[in-house]
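The values are calculated or read from the model by the stated rules, or taken from the named source; none is laboratory data. Keep in mind that what you see is a predicted model, and the values were worked out from it rather than measured. Reconstructed Cβ throughout: ideal geometry from the backbone, glycine too, with neighbour counts over all protein chains shown. Note: areas computed on protein heavy atoms with side chains; ligands, DNA, RNA excluded. Shrake-Rupley method; radii C 1.70, N 1.55, O 1.52, S 1.80 Å.
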Amino acid sequence: MYFLRRFTVRHARFFEGLYNTMESTMIAFDPLSRRIGYNRLERPVAIVEKLTKGLLFDCQMCGQCVLSSTGMSCPMNCPKNLRNGPCGGVRPGGLCEVIPMMRCVWVEAWQGAERMKYGVERIKVVQPPVNRELEGSSSWLRVVREKAALQRSLRPSSDRSKHAIARAFRGARKIEPAAAPVAVEPSAALSEQAVKESTAVFTDPKKFGLEK
Ligand code: SF4
């Protein structure tokens with residue numbers, strides 16, 4: 001909800017603290033989560049995440065949450081879906097050129113960042129593009145898997161494109177590992193549609209004019 005979005009940005013410092021406490025608690029529970037299985041946890045946690053973040057931040061469940069790097073203003077609410085902003089079209093009063101009644105999501109983000117402990121440092125880091133294969137999945141669990149994997153120096157995924165993005169966006173990964181994840185993903189955390197589309201070029205090359 002729009003007014004709640006503006007409320008969370010005004011209280012960005014409070015939500016920063018709340019999130020950090022929640023994150024370190026979830027990481028501490030990583031051994032138990034692994035015993036239960038991240039695949040099993042994916043759907044119930046994603047539902048809770050969608051309900052709470054949907055209410056507070058109009059979360060779109062992109063799967064690579066960067067709220068703590070964008071002043072608690074979700075960039076997926078930007079009509080251009082910019083992961084780094086603002087665009088050049090911000091109107092007087094900080095209003096959006098595409099939705100003139102709405103405050104620019106990125107103007108809000110920079111103002112929220114100024115209220116946070118590490119906000120300004122974080123918002124200056126260039127964020128990678130969204131990996132649509134992760135849409136609908138839990139960012140909370142992704143952060144835990146990535147940070148727990150770093151702590152345990154687990155075997156990362158063999159997906160070279162993931163490593164290329166992680167290398168290209170080292171700064172973003174250092175602050176927000178889930179923004180450029182490399183740990184192995186449980187199948188329940190992958191969007192079937194996006195996976196189908198991304199592999200179609202191999203399974204049906206004719207469709208892409210790659211084969212006569
Ligand atoms: S003005 Fe802001 S919210 Fe609107 S499209 Fe540009 S960056 Fe996105």
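What the table shows:
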item	result
More than 19 angstrom apart: percent of Cα pairs within segment 2-154	55 percent
Max mean-square fluctuation residue, GNM over the chain, Cα-Cα springs under 10 Å, options LYS80, LYS50, LYS162	LYS80
Chain lengthening between ALA168 and ARG13 when straightened (0.36 nm per residue, less Cα-Cα)	52.9 nm
Potential extension, ASN81-GLU121 segment - 0.36 nm per residue separation minus Cα distance	12.2 nm
Positive-end residue, the chain charge dipole about Cα centroid, Cβ charges, pick of THR8, PRO79, VAL184	VAL184
For PHE169, solvent-accessible area (1.4 Å; no DNA, RNA or ligand), Å²	50 Å²
Share of carbon and sulfur in the accessible heavy-atom surface of the chain [1.4 Å probe, %]	61 percent
Residues of segment 2-154: accessible area per residue with a 1.4 Å probe, Å²	50 Å²
Taking N as its residue count, the alpha carbon Rg of segment 65-181 over 2.2 N^0.38 Å	1.14
Estimated vicinal HN-Hα couplings, Hz - segment 36-42 in sequence order (Karplus 6.51, -1.76, 1.60; Gly, Pro = x)	5, x, 5, 4, 6, 6, 3
Per-pair calculated FRET efficiency, R0 = 41 Å: ARG91 and ALA28 via Cβ, rounded to 0.05	0.35
